[in-house]
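The structure appears below as structure tokens.
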Amino acid sequence: MIPSVIIGEIEVLSCSNSWRNFHFVKITAENGLIGWSEFDEFFGMPHVSSVIESLAPRIIGQNAVHHQAIRQDLLNVTRPGAGGVVGQAIGSIENALIDLYAKSLDVPAYVVLGGKIRDRIRVYWSHFVSHRARVGHFEKDIIDVGGVRENVKDALEGGYTALKTNVFNYDDDGKTKSWAPGFGRPFDPSRNAEKNLRKGLHQHLELLRETSGDDMDIMLDLNFNSRPEGYLSILRELEDLDLFWVELDVLDAKALSMIRSQSKHPIASCETLIGLHQFLPFFDHQSIDVAIVDTLWNGVWQSMHIAAAADAFDVNVACHNFYGHLSTMMNAHFCAAVPNLRIMEIDVDRVSWDRDIFTHLPDITDGYMTVPDRPGWGTEPIEAELKKFPPIPDAGLARAAPRQSFL
């Protein structure tokens, strides 16, 4: 018998994460069951919550079991603006519906995704150095080489076997300096990777290797911070290093294919794409070794389709996961259910109250996360705790004040 999980109410909740906000969708069924999902408004996508609230009336009274039909209806009425904040809003709604559906069956979410293939998932420590370089937000700060070495020590002691860093240089006093022109830090639309930048990055990666030893897998994330010519110059500079992958964002599949053909390191990309149709050119042109899928943006159900397409092209997938603990649980179910998984991203550095606002935390030991077996995603935000940490007004890349005059 098909469960009757009639949707009664949809809410958007948020709280501070010190330097950005966490955002959640709460869908309450008429029978009292609650489905949750997490979404994001910081990473260049403002006002997703406004779209969710605009779409919410269309799904009141619908049966959450039929989440694909609900998704298609929402796509039909937003088709001229598909993707972007609209795509993320629809994905976040469907993610909450999947949680609600699984809870109605009293099973973990991976069951409704097709069942789990693995009990444990290898994870990597993401934003290594980058988060602690945001001085004043986390337990430990990084301002120089000594802080970087301490970060590596913590990773080794924590049993982690893989880490991912961004672009850092050091000044004459050993102070760290990041480089992210793709996000306006500094404001430099040319995004040229000059020789001193490339050599400084080589020094940073050598420091990580020297401190961590030969067994640590090291990844580099270049984001949108250059153009193909610049990426190629960086890759040539780093040819002698042992890197797990180099992650970069190029929205032209042919250009990325050209970069991959000249790289001695595996190439990972696609974390900002929404919908299978955006991924297909990158599979067709053999542009990537690993397809990174943002399951919050796409919705976990759509992400399963993307992973299946990647599998048809013999490409592995990984998830884009640098949000809260609910996001990590959601991604864990995705990672448990797909056959072609490479590794899972997590942020180890957390603000002090992060553990207090969720009912359950990820179970990570020696660099592996155990797949949760509780109903649904396996954790929920605690609403009373969220209220203790009001959201930061105007948080997000798009709402930040310009760092300098454009003239």
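Identify the residues of region 220-246 with backbone N under 19 Å of a label point that sits 7 angstrom from the Cα of residue 19 along the Cα-to-Cβ direction, or state none.
From region 220-246, the list is 220-225.
If each residue's Cβ is checked for other Cβ atoms within 10 Å, how do 365, 328, 165 rank with the fewest at the top?
365, 165, 328
With a 10 Å Cβ neighbour count serving as the proxy for reagent exposure, in which order, fewest first, do 356, 289 appear?
Lowest to highest Cβ neighbour count: 356, 289.
Name the lysines eligible as straight-distance cross-link partners of residue 103: C-alpha to C-alpha under 30 Å, and not fewer than 8 places from it in the same chain.
Once the sequence-local lysines are set aside, what remains near residue 103 is 26, 116, 387, 388.
Round to a whole angstrom and tell me the spacing of the C-alpha centers of region 265-304 and region 335-395.
Using only Cα atoms to place each centre, the spacing works out to 22 Å.
Provide the descending list of Cα extents for region 267-321 along its principal axes, expressed in whole angstroms.
25, 18, 16
Filter the DSSP H helices in the chain by two things, a Kyte-Doolittle mean of at least -1.0 and an axial alpha-carbon span of 27 angstrom or more, and list the hits by number.
84-105
How much length is gained if the chain between residue 28 and residue 144 is pulled fully straight, taking 0.36 nm per residue apart and subtracting their Cα-Cα distance, in nm to one decimal?
Length difference between fully extended and current span is 37.0 nm.
Counting DSSP beta bridges with both partners in region 252-372, what percentage is antiparallel, nearest 5?
20 percent
Taking the DSSP beta bridges in the chain as the whole, what percent of them are antiparallel, to the nearest 5?
Bridges in the chain are about 50 percent antiparallel.
Net charge around residue 342, counting only other residues with Cβ within less than 9 Å of its Cβ (Lys, Arg = +1; Asp, Glu = -1)?
Net local charge, residue 342 excluded: 0.
Assuming 0.36 nm per residue, please report the length gained on full extension of the stretch residue 4 to residue 280 beyond their Cα-Cα distance.
Using 0.36 nm per residue and subtracting the Cα-Cα distance, I get 95.8 nm.
Once amide H atoms are placed 1.01 Å from N in the peptide plane, what residues at a sequence separation of 5 or more from residue 38, or on another chain, have their amide H within under 5 Å of its amide H?
25
Over what distance in Å are the Cα centres of region 67-130 and region 1-63 separated?
12 Å
Would you pull out the residues with amide H under 5 Å of residue 376's amide H, same chain only if 5 or more places away, H placed 1.01 Å from N?
Result for residue 376 returns 103, 107, 109.
Most fluctuating residue of 62, 88, 262 in a GNM of the chain with Cα springs under 10 Å: which is it?
Sorting by GNM fluctuation, first place goes to 262.
Exposure proxy check: 364, 121 ranked by fewest other beta carbons within 10 Å?
364, 121
Taking a cut-off of 24 Å between Cα atoms, list the lysines near residue 175, but don't count ones fewer than 8 places away on the same chain.
140, 153, 164, 195, 199
Pick from 173, 144, 188: which is most flexible by mean-square fluctuation in a GNM of the chain where alpha carbon atoms under 10 Å apart are linked?
173
Since every read-out is calculated from the coordinates, none of them should be taken as a lab result. From a predicted model like this one, the values you see are computed outputs, not experimental measurements. Glycine also receives a Cβ, built like all others from the backbone with ideal geometry; neighbour counts cover every protein chain displayed.
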